[in-house]
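Take a look at the structure set out below.
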Amino acid sequence: MTSAARTFAAISSPAPPPGNPVRLGRAVVLGGSVAGLLAARVLAEHAERVVVVERDPLDTGPVARRGVPQGRQVHALLRGGAQQLERWFPGFADRAVAAGAQRVLPAQQALYTDGVGKPGVSQVLCATRPFVEHQVRELVRDLPNVEFRTGRATGLDVSGGAVRAVRGESGGVGFREPGDLVVDASGRASRVPDQLAAAGWDVPPLTRQATGIDYATALFRRPPGQHDEHGVRVAAALVSPGTGSVLGGGAFTPVEGDRWIVLLAGYGTRPGGTAEEFVRLCRRDLPAPFGRVAANELLGDVVTHHQGDSRRRDWTAAARLPARLLAVGDAVSSFNPVYGQGMSSAALHASCLSAFLRSGADLDDPARRFFALQRVVVDAAWTVSTGGDRARTGVPPRGPERLAAGLLGLVVDATVVDPVVARAFDDVTQMVEHPATLLSPGVVWRSVRARRRPRPRPVPPLEPAVLLGPTALPARGAG
Ligand SMILES: Cc1cc2nc3c(=O)[nH]c(=O)nc-3n(C[C@H](O)[C@H](O)[C@H](O)COP(=O)(O)OP(=O)(O)OC[C@H]3O[C@@H](n4cnc5c(N)ncnc54)[C@H](O)[C@@H]3O)c2cc1C
């Protein structure tokens, strides 16, 4: 096992972290979304008081809100994230299910590549993004030493080489929240790097990988108990560029409120922007279970979202950083959303924070040990999501990366016919294991042998293009 894989295993362990907790007076968290809430949960074990500064009012229940524009899109909770939620909030999944989240067994899942299906590997918990955030928020609200402050953070007070307070404003009135530790969880558009630069500190360098992905998400009524006659309740389908479809893929899951949530995704093709086109693509370009789900009543509008790139800020590469400042969640790394890594990364960052605060860290030094731990998690997620994007955009891997990419291709191919390889792959894509575990001799050997096994036949769409009438969309590849 590589040392990164060992570190990843320690961070993602469901057991409480060992060590002596650092004690703090006050901690301040910027942003009260999933990453901020999880950071607050961890900090509550170390600080007398934790203040979460969030610009949106958070008493609105499980509904989409302005500060999280991606909240109306499909959100998968990966197994690695679910495990960490259970670690920080024991009983999280049972509570969520009691409130309406859906537990889906592996046999009720179908994962298709160009129609060739395989069952799921692990049970998944399905709900909308606002529902998950609401569940976490209610549990954080129950912590006696955490409070929420509605207001927009506007700057940091730094003196003596350390961050001392967060400045902000609410309704035109300024405020100052002093803190012994400040955690930036203000998302992908965080202003903290600019604020560091303005104060003469180093800015963690930003790396981007183009994704150019377009999302369209729609909700459909789910009559209680309804599922496909073949029992498919969760599906994810990849569509290769060569097939001529405007889709790069699609997915659906059951969610709270007796609804299905359905995603269509494309790269630069903006698929499914209208209700009519959305339903037609489900029926025509994806395996039959998509068409059956989309035969239900459409609830509300199709909601679209474009994400140009995956981004990461390398805090380990900044030479001069103030002490008592950390960053978590999308403020550090955000990925091509089809890999569903964001909330699980945030949960693992919280576990890095816990390990750091139990490692005897000296908070008067910049938090380098924290950023080094977190980098292992970011690297793992980045490898999975940008590997696919680089292959798609034709960036050829070089040197050792080329060998690794070739072996990985073998492994992915084998997941369709070898359940042991499928499990190993699932552990990595679900952020339970480090990607290096896929290159273990056992997995590679099974993948080589699997090449000889026959492949299952593709599952056709409900309405293959050749059966369409004159009013239908142009056939695949046309136009
Ligand atoms: C289209 C799309 C689909 C996605 N799908 C998935 C998925 O399937 N699975 C998954 O796990 N993840 C997914 N993600 C990622 C996921 O949404 C995020 O990773 C997750 O929300 C955690 O992000 P965060 O808490 O770091 O930041 P955010 O959720 O962006 O929250 C940042 C918070 O900070 C607040 N804030 C910002 N600036 C200030 C300020 N100055 N003062 C006070 N408050 C401030 C905002 O109001 C907001 O509440 C997806 C993302 C996109 C774009």
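The values are calculated or read from the model by the stated rules, or taken from the named source; none is laboratory data. Only a predicted model underlies this, so the values are computations on that prediction, with no experimental measurement involved. Here Cβ is always computed from backbone atoms with ideal geometry, including for glycine, and neighbour counts include all displayed protein chains. To get the accessible areas, we keep the full protein, side chains included, count just its heavy atoms, and leave off ligands, DNA and RNA. Shrake-Rupley method; radii C 1.70, N 1.55, O 1.52, S 1.80 Å.
Once the Kirkwood radius over Cα pairs is known for segment 163-216, the Stokes-Einstein relation at 37 °C and 0.692 mPa s delivers a diffusion coefficient of 233 µm²/s. Computed over the chain, the per-residue total of -39500 (n - 2.57) for DSSP H runs of n ≥ 4 gives a 222 nm mean residue ellipticity of -9500 deg cm²/dmol, rounded to 500.
Pair-distance distribution P(r) for the chain, from all Cα-Cα distances in 10 Å bins starting at 0: 4, 20, 30, 26, 15, 5, 1, 0 percent. Overall dimensions of segment 16-171, expressed as equivalent-ellipsoid semi-axes from the Cα gyration tensor (√(5λ), whole Å, largest first), are 33, 19, 15. Across every pair of non-identical alpha carbons in segment 128-203, the mean reciprocal distance, once inverted, gives a Kirkwood radius of 14.4 Å. Quick one: Cα centre-to-centre distance for segment 285-337 and segment 125-164, in angstrom? Centre-to-centre (Cα) distance: 19 Å. Volume of the convex hull of segment 113-153 (Cα atoms only), normalised per residue: 161 Å³.
Applying both filters, DSSP loop and at most 16 other Cβ atoms within 10 Å, to the trypsin sites (Lys or Arg not before Pro) of segment 304-393 gives Arg320. Mean separation of Cα pairs under 8 Å and 6 or more residues apart, divided by the residue count, gives segment 346-443 a relative contact order of 20 percent. Note that segment 275-353 carries a Kirkwood radius of 16.3 Å, evaluated over its alpha carbons pair by pair. What a 1.4 Å probe finds exposed on the chain is 55% carbon and sulfur by accessible area, rounded to a whole percent. For segment 416-436 versus segment 181-239, the inter-centroid distance based on Cα atoms is 22 Å.
Pairwise inverse Cα distances across segment 181-326, averaged and inverted, put the Kirkwood hydrodynamic radius at 17.9 Å. Quick check: Cα centre of segment 72-89 to Cα centre of segment 242-261, how many Å? Here the answer is 19 Å between Cα centres.
In angstrom, the C-alpha Rg and Dmax of segment 153-252 are 23.2, 66. DSSP assigns beta bridges within the chain; of those with both partners inside it, close to 70 percent run antiparallel. For the chain, the solvent-accessible area of protein heavy atoms averages 43 Å² per residue (probe radius 1.4 Å; ligands and nucleic acids excluded).
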